[in-house]
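Here's the structure, in structure tokens; my notes come after.
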Amino acid sequence: MAADRFFPNEMPAYIPETQSAPAADDSLTKLLHLPLKILSDRLKKDALDIKDTVVKESWLASGKRVRDFSLYTGDLGTAFLLFKAYQVTGDRTHLHISLDIIKACETAIQGSGRVTFLCGEAGVCAVGAVVAHHNGDEKLCQHYVSQLKEIKLSTDLPDELLYGRAGFLWACLFLNKHIGPNTVSSNRMRAVVNAIIRSGRQLGKGSCPLMYEWHGKRYCGAAHGLAGIMNVLMDVELKPDEAEDVKATLRYMIKNRFASGNYPSSEGNEADQLVHWCHGAPGVALTLVKAAQVFKGDEFVEAAMEAGDVVWNRGLLKRVGICHGISGNAYVFLSLYRLTGKPEYLYRAKAFACFLHDRAQTLISEGVIHKGDRPYSLFEGIGGMAYLFLDITEPSQARFPAYEL
């Protein structure tokens, strides 16, 4: 278990909201004792300051030219953060800047061949349509919806979330949630589901009826593997035999986890190191929460909670981002809180956020925390930290961006 990847979690496992902090305690401990309402105001202020920095460094500093159009590490992620800021504050200026960025991304993405929500054209179209809808521009909204419907999926497309069919399907689901049911027809989505199921059954066998490969490896996690694909499939209407295959695949994953409770990055990989959304317990935990909601089974609730314990113990990573950092791991506790209603999980989400609020910028400047290869981006950098801080203000509405609907 590569302990150099994370900070030892020395925060109390739970502090009730009513408990007040001793006067002599350090700044982090004092934050942990704050009621959510007071803490939310501080996190919101910090988030909006970070958002301003992200816009300045990732959009304005480039002369409003898009170098990376993706939501994952590029300018679309900044637009998505601005949309979240609008949702929290009601300030329409955020919508206007978001749309400016989306329009520039639309130009930059032409001919890329990428089709997913996180890294492709479907993300630009889906986010563009939803932001335009909130801005009252239905003509522009329909333009982006039409653009998404024209996207063609090649027969050799992989199935995973970041670059494959599942990532396109998630964009369709995002549109239908935020614009209206059947914005993308069930027939169009069913064709994609059929392709994903068919592909999974070709590789699947025995106790794991669905299996997928990406670059020759059978990944287990959210970004490229089973957890991500199963997560998206559970958001569509499945035939009874398909639902049974998804359940059996999830049970296979649970059975083959490490003794520590963490999950391997790929089938046959015995290195119990990664506790990330992309690889390891965090992404699987979010998928298991979805399974508990869809299939109503205690087995998935228990497995999700056990994965959450791994995240609490080993998820205070030396990175800040959503994909493989503290910000993304905090969403595990927000998801478990919505599932169980247990205040301990809300506290744990607050604790990870408090750690970031209190120490992240200092630790980044000291080189102790990796600032990310794209330090202002949504999934690798401080953009994700700002997104989390905004989400904490309404925990019941919080959703892991581009993964939880």
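Every number here is computed from the coordinates shown, using simple stated rules; none is lab data. No experiment lies behind these values; they were computed from the predicted model shown. Ideal geometry is used to build each Cβ from the backbone, glycine not excepted, and the neighbour counts take in all protein chains shown.
Here are the numbers for this structure:
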{"quantity": "Phi-based couplings in Hz for segment 266-279 (Karplus 6.51, -1.76, 1.60; Gly and Pro marked x)", "calculated": "8, 4, x, 7, 9, 7, 8, 10, 8, 10, 10, 5, 5, 9"}
{"quantity": "Per-residue HN-Hα couplings for segment 180-194 [Karplus 6.51, -1.76, 1.60; θ = phi - 60°; Hz; x = Gly/Pro]", "calculated": "x, x, 6, 4, 9, 5, 5, 5, 5, 5, 4, 4, 5, 4, 4"}
{"quantity": "Approximate spin-label separation Asn269-Gln293, in nm, with each point projected 7 Å along Cα-to-Cβ", "calculated": "2.7 nm"}
{"quantity": "Estimated FRET transfer efficiency when R0 is 56 angstrom, pair Arg65-Lys239 (beta carbons, to 0.05)", "calculated": "0.75"}
{"quantity": "Length gained when the stretch Tyr14-Arg399 is fully extended (0.36 nm per residue, less Cα-Cα span)", "calculated": "136.4 nm"}
{"quantity": "Net charge of Cβ neighbours under 11 Å - reference Cys278; Lys, Arg +1; Asp, Glu -1", "calculated": "-2"}
{"quantity": "Positive-end residue of Gly308, Ser377, Phe355, charge dipole of segment 285-405 with Cβ unit charges", "calculated": "Ser377"}
{"quantity": "Computed over the chain: relative contact order in percent, which uses C-alpha pairs under 8 Å that are six or more apart", "calculated": "18 percent"}
{"quantity": "Computed over segment 35-182: relative contact order in percent, which uses C-alpha pairs under 8 Å that are six or more apart", "calculated": "18 percent"}
{"quantity": "Furthest towards positive pole of dipole, Leu250, Ile50, Leu60, structure part the chain, Cβ charges", "calculated": "Leu60"}
{"quantity": "For Trp214, distant residues with modelled amide H under 5 Å away", "calculated": "Tyr219"}
{"quantity": "Estimated vicinal HN-Hα couplings, Hz - segment 114-125 in sequence order (Karplus 6.51, -1.76, 1.60; Gly, Pro = x)", "calculated": "8, 10, 9, 5, 6, 10, x, 5, 4, x, 4, 5"}
{"quantity": "Values of log10 I(q)/I(0), in the order q = 0.09, 0.14 Å⁻¹, for the chain under a Debye, Cα-only, solvent-free model", "calculated": "-0.50, -1.27"}
{"quantity": "Low-density loop positions, GluC sites (Glu not before Pro), segment 215-293 - DSSP coil, at most 12 other Cβ in 10 Å", "calculated": "Glu237, Glu270"}
{"quantity": "Relative contact order %, segment 273-405, counting alpha carbon pairs below 8 Å whose residues are six or more apart", "calculated": "24 percent"}
{"quantity": "Spatially near lysine pairs across segment 185-319, Cα under 17 Å, sequence gap of 8 or more or different chains", "calculated": "8"}
{"quantity": "Eligible lysines near Lys139 by straight Cα distance, threshold 30 Å, same-chain separation 8 or greater", "calculated": "Lys51, Lys56, Lys64, Lys84, Lys103, Lys149, Lys152, Lys177"}
{"quantity": "Estimated FRET transfer efficiency (Thr340, Lys177; beta-carbon r; R0 25 Å; 0.05)", "calculated": "0.60"}
{"quantity": "Nonlocal amide H pairs with Ser266, under 5 Å, H built at 1.01 Å", "calculated": "Cys220"}
{"quantity": "For Arg114, distant residues with modelled amide H under 5 Å away", "calculated": "Glu121"}
